[in-house]
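Notes for the one structure printed next.
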Amino acid sequence: MLTLLVISVPCVFAGSADTLHTTFVVNSDYVPTHVVTLSVGGGMHALMPKLTEDGKNTLGLGKSVGAGAQVQATYTYYFYKYVGVTAGVGFDMYTGNLNGNFTDRVWLWDNYNKMNYWLNSEYKDFKERDQLYMITVPAGITGRVNLTDPIQLRGTVGIGMNIIVGSHYRATGELETTADYPDYNLHFDSDLPQHGFSNYYMGGYNGKIANTFPVSMFVFGDFGMHYQFTRRYGLYAGIYFSYTCFNSVRPTTDDAGNRPELVKFDSQTKQFTYSGIINSKFVEALNPLSVGVKVGFTLTFLDPIKCNCEDW
């Protein structure tokens, strides 16, 4: 008896699987209610920094489009055959690239000589690459329309939350520092390394973007085609976009500790510290923007909606 049961159960499920496959894919008599989607994507993931007036007048940097990637898992509950709600979690990487030649002139205090002076920092062949790493929590409304029996057109729009979990910048180029002491009408050229004024090679100067808000909000859209190749499994391919509508960096203040000069120089140790463009007083806003393509795998589970779907 037990042997007969073991042999018969797989046959019953095999028959059921064939029936379910035919019912869903060919006749479309069932519409899945619960769908989990695992997807990966990539494209333009730009940081979109907005410069202050001082930054626009001083830097004059060129910008190149940043690339990035997205990994995401979402759950959709369809409360009606056309419409559902979607929520999920993901991971996004954003990149920004700045390059050019410019001179930054900063009024500083010399602790060693007890007087003010102008520090002139000339950047040559300068390049900076900035990166942000975020956990994303999207939520939105999803709609779908059958094009053929196994193929649907799907789209989701909504809002989400970015949680910044990491950042990095890397600067390269040549930095030439000189100084002017107006009280004594003195000028220090870059051939005085004993005073800290010299030509420096910034090969791979690394740091973190420290002045971002930990959480920001974004709006997003996701549109594509879904192919249901069995009752349980399907494939999705589409395009996506998102825009962080609130500023991701702290506002510009007079507090040099929060928004430092691009270069700080210690007149006692004769060492300079580079802060990074986004950390500096030259950037007042950051609104990451992404546009890309994605592919995904879908899993349908629990009970489907039974409906007369011949014309949906």
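Quick look at the values:
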item: Relative packing of peptides 67-78, 275-286 - highest average C-beta neighbours within 10 Å first; result: 275-286, 67-78
item: Extension gain from TYR227 to TYR82, taking 0.36 nm per residue of separation minus the Cα-Cα distance; result: 50.6 nm
item: Segments 52-59, 120-127 sorted - mean Cβ within 10 Å per residue, highest first; result: 120-127, 52-59
item: R0 of 41 Å, Cβ-Cβ distance LEU108-ILE135: FRET efficiency to nearest 0.05; result: 0.60
item: Additional length obtainable on full extension of the chain from LYS50 to CYS245, 0.36 nm per residue less Cα span; result: 68.9 nm
item: Length added when fully stretched, VAL71-LEU147, from 0.36 nm per residue minus Cα-Cα; result: 24.6 nm
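Only the coordinates and a few stated rules stand behind these numbers; no lab work does. Just so it is clear, the model here is predicted, and its values are computed rather than measured. Glycine gets a Cβ as well: all are built from the backbone with ideal geometry, and neighbour counts include every protein chain shown.
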